[in-house]
1. Whether any residue in the range C:55-64 is outside any loop (DSSP other than H, G, I, E, B) and either within 10 Å of chain B (Cβ to nearest Cβ) or among the charged types (D, E, K, R) (or both) is what I want to check.
2. Does A:Lys363 satisfy being away from chain B (no Cβ under 14 Å) and either closer than 28 Å to C:Pro63 by Cα or modelled with pLDDT of 95 or more (or both)?
3. Does A:Thr90 fit the bill of being touching a residue at least 40 places away in the same chain (Cβ under 8 Å) and within 13 Å of chain B (Cβ to nearest Cβ)?
4. Identify, please: which residue in the range B:64-91 is farther than 30 Å from C:Val304 by Cα and part of a helix (DSSP H, G or I) and is, among those, farthest from the other protein chains (Cβ to nearest Cβ)?
5. Does the range C:163-170 contain at least one residue that is within 16 Å of ligand 1 (Cβ to nearest atom) and away from chain B (no Cβ under 14 Å)?
6. Which residues, counting only those in the range A:332-368, are over 18 Å from B:Thr27 (Cβ atoms) and touching a residue at least 40 places away in the same chain (Cβ under 8 Å)?
7. Name the residue, out of C:Gly476, C:Gly465, C:Gly472, C:Gly435, that is farther than 24 Å from C:Leu396 by Cβ, exposed (fewer than 12 other Cβ atoms within 10 Å of the Cβ), out of contact with any strand residue (DSSP E or B) (no Cβ under 6 Å at 6 or more places or on another chain) and not aliphatic (A, V, I, L, M).
Amino acid sequence: MSVIKQTAAELAARIHSGELSSVDVTQAHLERISKVDEQLNAFRHVDADGALEAAAKVDADIAAGKPPASPLAGVPLGLKDVLTTQGVPTTCGSKTLEGWLPPYDATVTRRLREAGVPILGKTNMDEFAMGSSTENSAYGPTRNPWDTSRIPGGSGGGSSAALAAFEAPLAIGTDTGGSIRQPGAVTGTVGVKPTYGGVSRYGLVAFSSSLDQAGPCARTVLDAALLHEVIAGHDPLDSTSIDAPVPPVVEAAKQGANGDLTGVKVGVVTQFTGEGYQRGVLDSFQAAVEQLRALGADVVEISCPSFDYALPAYYLIAPSECSSNLARFDAMRYGLRIGDDGDRSAEEVMSLSREAGFGPEVKRRIMIGTYALSSGYYDAYYGSAQQVRTLITRDFAAAYEQVDVLVSPTTPTTAFRIGERVDDPMAMYLADLCTIPANLAGNAAMSVPSGLADDDGLPVGLQIMAPTLADDRMYRVAAAYEAARGPVLDQIPEL
Amino acid sequence: MPNISRDEVAHLAKLARLGVTDEELDTFAPQLDVILESVAKVSEVVGTQQDVPPTSHAVELTNVFREDEVRQGLTQEQALSGAPAAEDGRFRVPRILGEEQ
Amino acid sequence: MTAVAETLDYDEVLDHFDPVLGLEVHVELNTKTKMFCGCANVFGGEPNTHVCPTCLGLPGALPVMNARGIESAIRIGLALNCEIAPWCRFARKNYFYPDMPKNFQTSQYDEPIAFNGYLDVVLDDGEVVRVGIERAHMEEDTGKSLHVGGATGRIHGAEHSLLDYNRAGVPLIEIVTKPIEGMGHRAPEVARAYVTALRELMLALGVSDVRMDQGSMRCDANVSLMPKGATEFGTRTETKNVNSLRSVERAVRYEMTRQAAVLRGGGSITQETRHFQEADGTTSSGRPKETSEDYRYFPEPDLVPIAPSREWVEELSGTLPELPWQRRKRVQQEWGLTDEETRDLFNTGAADLVAATVDAGASVSEARSWWVQYLTQQANTREVELPELPITPAQLARVIELIGEGTLTHKLAREVVQGVLAGEGDPDQVIADRGLEVVSDDSALLAAVDEALAAQPDVVDKIKGGKVQAAGAIVGAVMKATKGQADAKRVRELVLERCQ
Ligand SMILES: [Mg+2]
Ligand SMILES: [Zn+2]
């Protein structure tokens, strides 16, 4: 099998044994990118030199008999363009940061470097991670490798498309309301949102600080777990980073792969089925639930009534935080500056630069957040949304008293067509209906491929959710399901 | 509750230092109206349940501090590396009209 | 339209109005590092050399609270007799301003770390006034802007501005008083005395350099007037930029007279910020408050709450040093001072210097008299604070020692001190260079004594006739002839010997 179709675990084993060089593996992916990315626009920036240099270092270490820096040393990766990389462009999909070279690395970036993971480049995304289709990138949409007229999900569409198109065996995403899981679902790849606080946010350009979480994207559950362990763990530079051992996700994925879920209690969230869901998605989900039952899991229905309010709460909290987080893009210290003609004031230049630098979705959310935080509206909007957050957390807590994990479809529909929802923000927001509760509660959640929808032949994702710091539970279930279901990506059309 | 006028959108844009064109005001006003109408649902559910404390953060951590020890920061060159304009080691910005607060 | 006087006579103000004050004091903490990052907290330095991704507000950077900053805030709260919040948070205060890298200030809003306290303030005549403290909360400082172009280098008329973020993120404590009412004509004095007391308190706690000239202590004065007998507060103004203790008093006094003139002229007060002009002691109009921004405060999601345990607060309480009012009491007792002497000692800011001089061997009364009187005058003439005078307690103690030995007269001692202040070196150096030593060599003195006796034979007769006190005239003449350098005691002895 060609190098680019192999899993990260396989590549790592061959690189560490000296059978393959990391430089060759990295080079193969760089070639794949130059061959197919014109059709996809998954990469914002390719750092061939940086990646090859990191790969050469891994090869040299292995040749010198040193143990690999990590279980993934030498396996290249695509990094979402929202994590800072020292000296390498970081745009967050926005015009405002075009040409910006960060003077520092995000903690995730640093951990990847220390783990000997060559970074192929930065993957495309919705501007500042706001969106569900990657159409909000200022640098053009990314296309879904399953059908290039369709969206690859968002905001991390670049990372998931790169995986599905075999441009990278691993990628990093960030998930504020589903931006790792929903792209994973619509591209037939695995996407994990770890427990909030599990992976450092230092250097992750903030969209919504209390919700953002970086996580692994991969083509297999085990690969995701391996990457999870490389990037997770306490970081003193992030006050919200949890100072506790990383859940043993690799071990859980390996245990799950034996296919036995006897004694595992699985709850089906009743709020996330029925009306408004694509038939092919529901069929695929039903089949997945049956599969879990067949593997020995106890499946019960669980009602989480407050989940109906998750979407509105999210579309208050996230815009509110983003209105403040994005205030720093003011053309004074970095980024795009427009209209500085020597006569205009700083205030005018700020307004002009922000007008030119931000796209419509970012502007909409900034204005909604500004509204929701204004005196007079705060209690009804932001305040109520925070209370809904409490209710959702309580629903989760009650559910996890009865079951080990919760499942739902990852997203109500398969990949929609590019342009279909751009003028209808509310329709776009529905893509994150099922993924948002886990962000609001800070719990772990992931999406694994559950085959192709029988109505349109496009990938569907199964969402598995687990309590805070019990990320390993969902990996076990996901790995068992994956082993039983078999691969999905081998059905992807050739590009 | 909401019924967002063009003027309100213009006011929000000003608060957020966002230049907006007349055309944008026309498209944003109805969009924001629909969105805000929809998210206003949150106050319904909360209204029916008393004594629900707000959650501003999923993690229940407190007292995360650092020791008062100097850590290497950026050089002046690094600090200014992304600046649209710089002069004498400082960020150069257009004249400031407002006052310090 | 008839011209209305810009200010009203001060006494007349008080005939018609009661002033109400509110003072907001910002104190920069002297922690080693900034509040939310590890950059050095130092004054000055090359621009943008004490910065990092966090305090520059770079995309992706995050804050982490400085433990020492929190400790200092709690200690200040305790020293101000405040309650310490068992749970509180930082919030974001959102507004755009180029000196603020994130365009929000990380501050505290409705959950301050310390609240509801008081500070006892001693006025010039010894009266003690209790000033209520509304709250003391933590926040971060902004960067500094330099306005280039334009006539004055000030913000107005500038062509562009230059920003230095070395100060951005330096920890600040903002201390806000409750409304200070019923002070009448003493309101300006109370304002100064309060800020003075607060300054002493910060020094005693060791939490800040409290240098008003360097901006590590800054005062905003809210002033309003209400008609005599009224119970509802009038519209207030907030005067910024008050950069010395003396200015606090002047600014309050000026605002009282200005507002009174407006009100007596039938006008009304605009709620606004005003700026104090150091040069002429007036205030000028700044930003009207009604157009001020809606700050859209919300809890800072990048930080976690602060929940000081009772044990921690108690432990910090145990670290409080002797506080200024406690010290005042102790010093008065130990040194046996009257109320008036104690007041002068502390009001001139001389207490530390006197104590150091006493430690260096001088007597309390000599040390006190030098610092409180002569050197305070010198400081006033030079318009500097007493500790800034270029003379050390050790140098003064040496001067006092030389007086005690009879090597210097008081008059000569003052000359020596002047030499030290002029930078001529240590007292002994000044004495040698200026040739100020007392002449006690008999042979040198006898010639002068004989000369004086010869010039005043009638006085000699009186002395010989038993009127010993008449010797003073001769001694005086000798002192004059020797330009004060003679040892007066020895001269007197020689005069009496000669007249036997
Ligand atoms: Mg303040
Ligand atoms: Zn810093």
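1. No, there is no match, as no residue in the range C:55-64 is outside any loop (DSSP other than H, G, I, E, B) and either within 10 Å of chain B (Cβ to nearest Cβ) or among the charged types (D, E, K, R) (or both).
2. No; evaluated as a whole, the condition is false for this residue.
3. yes
4. The qualifying residue farthest from the other protein chains (Cβ to nearest Cβ) is B:Glu77.
5. no
6. A:Tyr334, A:Gly335, A:Leu336, A:Ser353, A:Gly357
7. Working: C:Gly476 fails: exposed (fewer than 12 other Cβ atoms within 10 Å of the Cβ); C:Gly472 fails: exposed (fewer than 12 other Cβ atoms within 10 Å of the Cβ); C:Gly435 fails: farther than 24 Å from C:Leu396 by Cβ.
None of the others qualify; the one that does is C:Gly465.
Results for (1) within 16 Å of C:Asp433 (Cβ to Cβ); (2) free of Cβ contacts under 8 Å to residues at least 60 places away in the same chain, shown as yes or no for each residue.
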site: C:Trp371; (1), (2): no, yes
site: C:Asn380; (1), (2): no, yes
site: C:Glu383; (1), (2): no, yes
site: C:Leu386; (1), (2): no, yes
site: C:Pro390; (1), (2): no, yes
site: C:Ala394; (1), (2): no, yes
site: C:Gly404; (1), (2): no, yes
site: C:Leu408; (1), (2): yes, yes
site: C:Leu412; (1), (2): yes, no
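The values are calculated or read from the model by the stated rules, or taken from the named source; none is laboratory data. Predicted model, so just to flag it, every value in this text is computed and none were measured. Backbone-built Cβ (ideal geometry, glycine too); neighbour counts: all protein chains shown.
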